[in-house]
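Written below as structure tokens is the structure these notes are about.
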Amino acid sequence: MNGFIKVQTVTSRAEIPVAGATVTVSTVRPGVGRVLLSVQRTDESGMTALIPVPTPDLANSLTPNQPQGWTDVQVAASQPNYDGIVVRDVQIFPGVTTLQELILVPRGGMPTDLGETETTTIPPQDL
């Protein structure tokens, strides 16, 4: 079964869309390592297309004491003139579409400004 993720990149508290941002979605599979699920550019509304993510059986999310009922993914975005952002452990549940908003911060504008990457880790759900 699949869950889905859609990513939106914005800037400022006014949520101005950031078009043309490169968004990558990846996951870690035991015995394999990091697996790239998608690389996309955001459209004029700052959105990616819907990205399918393989998830565990739905029963794992509905019954206590079962294996983890979701798939953790890492979402990263970059765009020239903005600092990059990485969000780890975004939880994708079977049959559910997750909307992950990424707020990009404009760089300072100095030619030597290399920018930074902000990294956030989301704690697991207490099901």
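What tally of residues in region 56-106 results from selecting those that are over 26 Å from T22 (Cβ atoms), outside any loop (DSSP other than H, G, I, E, B) and small (G, A, S)? Write out each step before concluding.
First, pick out the residues of region 56-106 that are over 26 Å from T22 (Cβ atoms): 56-69, 94-95.
Filter once more, so that each one left must be outside any loop (DSSP other than H, G, I, E, B): 59-62.
Right, trim to small (G, A, S) and you get 59, 61.
Looking only at that region, the number is 2.
Just give me the residues in region 64-80 being exposed (fewer than 15 other Cβ atoms within 10 Å of the Cβ) and either touching a strand residue (DSSP E or B) at 6+ places or on another chain (Cβ under 7 Å) or closer than 19 Å to T24 by Cβ (or both), in sequence order.
Kept after step one, since they are exposed (fewer than 15 other Cβ atoms within 10 Å of the Cβ), are these residues of region 64-80: 64-68, 80.
Listed by number, the list holds a single entry, P80.
Quick check on region 23-54: of everything there that is in a strand (DSSP E or B) and in contact with a Lys or Arg (Cβ under 6 Å, 6 or more places away or on another chain), which residue is surrounded by the most Cβ atoms within 10 Å (Cβ to Cβ)? It would help to see each step written out before you state the result.
The first filter runs over region 23-54 and keeps only residues in a strand (DSSP E or B), leaving 23-29, 33-41, 47, 51-54.
Then keep just the ones that are in contact with a Lys or Arg (Cβ under 6 Å, 6 or more places away or on another chain); that gives 26, 28, 35.
Details: S26: 15, V28: 13, V35: 11.
Checked region 23-54; the qualifying residue surrounded by the most Cβ atoms within 10 Å (Cβ to Cβ) is S26.
Only residues that are in a strand (DSSP E or B) and in contact with a Ser or Thr (Cβ under 7 Å, 6 or more places away or on another chain): list them for region 1-10, please. Explain how you work it out, then say what you get.
As a first pass, look at region 1-10 and keep what is in a strand (DSSP E or B): 2-10.
Residues satisfying the conditions are N2, G3, F4, I5, K6, V7, T9.
Go through R88, R41 for me and flag whichever is of a type in the set (K, R), within 12 Å of the chain's Cα centre (by Cα) and modelled with pLDDT of 85 or more.
Details: R41 fails: within 12 Å of the chain's Cα centre (by Cα).
Just a single option satisfies the conditions, and that option is R88.
Just for region 81-99: of the residues that are touching a Phe, Trp or Tyr at 6+ places or on another chain (Cβ under 7 Å) and buried (at least 19 other Cβ atoms within 10 Å of the Cβ), which one is farthest from G3 (Cα to Cα)?
Among them, the one singled out is Q91.
Among the listed residues V87, V35, V23, which satisfies the condition of being touching a strand residue (DSSP E or B) at 6+ places or on another chain (Cβ under 9 Å), within 19 Å of T121 (Cβ to Cβ) and without any contact (Cβ under 8 Å) to a residue 24 or more places away in the chain? Even if it seems obvious, please write down each step before you answer.
Values: V87 fails: without any contact (Cβ under 8 Å) to a residue 24 or more places away in the chain; V23 fails: without any contact (Cβ under 8 Å) to a residue 24 or more places away in the chain.
After applying the criteria, what remains is V35.
If I ask for residues that are touching a Ser or Thr at 6+ places or on another chain (Cβ under 8 Å) and either more than 21 Å from T121 (Cβ to Cβ) or basic (K, R) (or both), which ones from region 55-81 would you list?
Within region 55-81, the subset touching a Ser or Thr at 6+ places or on another chain (Cβ under 8 Å) is 55-56, 69-79.
Scanning region 55-81 gives a single hit, Q79.
Among (1) in contact (Cβ under 8 Å) with a residue 24 or more places away in the chain; (2) in contact with a strand residue (DSSP E or B) (Cβ under 6 Å, 6 or more places away or on another chain), which single condition is S61 missing?
(2)
Of all residues in region 11-22 being modelled with pLDDT of 95 or more and assigned to a strand (DSSP E or B), which is nearest to the chain's Cα centre (by Cα)?
First, pick out the residues of region 11-22 that are modelled with pLDDT of 95 or more: 17-22.
If we keep only those that are assigned to a strand (DSSP E or B) as well, we get 17, 22.
Working: P17: 16, T22: 11 Å.
Per the criteria, the residue is T22.
The values are calculated or read from the model by the stated rules, or taken from the named source; none is laboratory data. These numbers come from a predicted model, not from an experiment. Cβ sites come from the backbone with ideal geometry, for glycine too, and all protein chains shown count toward neighbours.
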